[in-house]
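Structure first, then comments.
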Amino acid sequence: MSFNTFGKLFRFSTWGESHGPAIGCIVDGCPPNINLSEKDIQKELDKRKPGQSKFTTQRKEDDKVQILSGVFEGRTTGTPISLIIYNKDMRSKDYGKIKDKFRPGHADFTYFKKYGIRDYRGGGRSSARETASRVAAGAVAKLVLQKKLGKKFKVVGAVTQLGILGCDTDKWNDKIIKKNPFFCPDKSMIKLWEKYLLGVRKSGSSCGAVIEIRARGIPVGLGAPIYSKLDSDIASSFMSINAVKGVNIGAGMNSAQLSGEQNSDEISQKGKKLKFNSNNAGGILGGISTGQEIIVSFAVKPTSSILTTRKTVDKFGKNTTISVTGRHDPCVGIRAVPVGEAMMNCVLLDHYLMNKAQCQ
């Protein structure tokens, strides 16, 4: 399998399977002399790890990261950073009964047809377990950006829609996001979301979600006008996350409903300060950052592993049915929040380094 590497100057390659002995990544292109410890990476991994509430899979993984290379006396050396996370709580027997069947909505069918072989234990390489490696790489990128861009830089994500229930993003509160298991930015929706998702889980079904990522303190000029637009690389990074089926930049799909007057973000100047009256562009114009807050959202489909019996086929081409038992997220989108933050950090650092190389 090729294409396991993401990025141009700041690059990472992930490896490992859901039920293998370990997962991990190699981070290449990290600048030297950045303070980095396992604790720095662990903080981000802890936001994503399973089993933290009754609203996520009950698989118990500590997701303890170990740095194998690229750091000396607490600082990055500029050489490849190798990170490993050991798997501990695998229950491969849960998949024994369905090892020859393709879960509808999952990558089982396409993986088998492409490669002629697949690791059926938890989906193998197609499992969202792989995203822990991305979060580890994103933690490294975040530290570099904090040093280069200063205190104003911040990337924060939240779930803005859980199944059929949305929230009021005008009530966005960073502190509230950290204090609830849904990463919900609107305090008024938390109780309703809890009742809704418990009902989904009890029925043996699942639901999707919309995640919004906001990046603040971004300088003007990141991105290139044609084939390496900042928004196209962000969209590509989000589409590479498991179960993501759509991405919006700023107003996104809703911009088709706006008039030219409504959609244009008027600009004014007062002294040395530039002001945009709105941000329908999501902080990116012509593929280049405007200096405004970058706002991107992505849609995550419902978890494919559900208890409800569904029609499918097996690898022998026979019609059959399937019902998936075991430990699964009723809404995998919840744990996609730190993954989205990580990918945003990786793209921003990649473009920061490219901009430095060309323009500064």
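Numbers below:
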| read-out | value |
| --- | --- |
| Karplus (6.51, -1.76, 1.60) ³J(HN,Hα), θ = phi - 60°, over the stretch 41-49, in Hz, Gly and Pro reported as x | 6, 4, 4, 6, 5, 5, 6, 9, 4 |
| Trypsin sites (Lys or Arg not before Pro) within the stretch 264-360, DSSP loop, no more than 11 other Cβ atoms inside 10 Å | K272, K318 |
| Within the stretch 234-314, GluC sites (Glu not before Pro) in DSSP loop having at most 11 other beta-carbon neighbours inside 10 Å | E266 |
| Descending Cα extents along the principal axes, the chain, whole Å | 69, 51, 37 |
| With at most 13 other Cβ atoms within 10 Å, longest stretch of the chain clear of loop chymotrypsin sites (Phe, Trp or Tyr not before Pro) (DSSP) | 4-226 |
| Formal net charge of residues neighbouring S228 (Cβ-Cβ distance under 15 Å; K, R +1; D, E -1) | +1 |
| Out-of-range pairs (alpha-carbon distance over 30 Å; input K148/K178; K154/K275; K43/K311; K43/K245; K245/K275; K152/K195) | K43/K311; K245/K275; K152/K195 |
| Degrees separating the helix 190-202 axis from the principal Cα axis of the chain, which is the longest one | 30 |
| The stretch 232-360, Cα convex hull volume normalised per residue, Å³ | 181 |
| Size-normalised alpha-carbon gyration radius of the stretch 202-252, reference 2.2 N^0.38 Å | 1.50 |
| Portion, in percent, of the accessible area of the chain that falls on carbon or sulfur, probe 1.4 Å | 53 |
| Whole-percent pair-distance distribution, where bins are 10 Å wide, for the alpha carbons of the stretch 91-131 | 30, 60, 9 |
| The chain: calculated mean residue ellipticity at 222 nm from DSSP helix runs of at least 4, using -39500 (n - 2.57) | -8000 deg cm²/dmol |
| Kirkwood Rh in Å, taken over the stretch 158-294 so that all alpha-carbon pairs contribute | 17.0 |
| Principal axes of the stretch 136-205: Cα extent on each, largest first, Å | 47, 27, 18 |
| Mean accessible surface per residue for the chain, computed with a 1.4 Å probe while every protein chain stays in place, in Å² | 50 |
| Neighbour net charge for D350 - beta-carbon separation under 10 angstrom, K R +1, D E -1 | +1 |
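The values are calculated or read from the model by the stated rules, or taken from the named source; none is laboratory data. The structure presented is a predicted model; accordingly, all values stated were derived computationally and were not measured. Neighbour counts are summed over all protein chains in view; Cβ atoms, including those assigned to glycine, are modelled from backbone coordinates with ideal geometry. Accessible surface areas use protein heavy atoms only, side chains included; no ligands, DNA or RNA. Shrake-Rupley method; radii C 1.70, N 1.55, O 1.52, S 1.80 Å.
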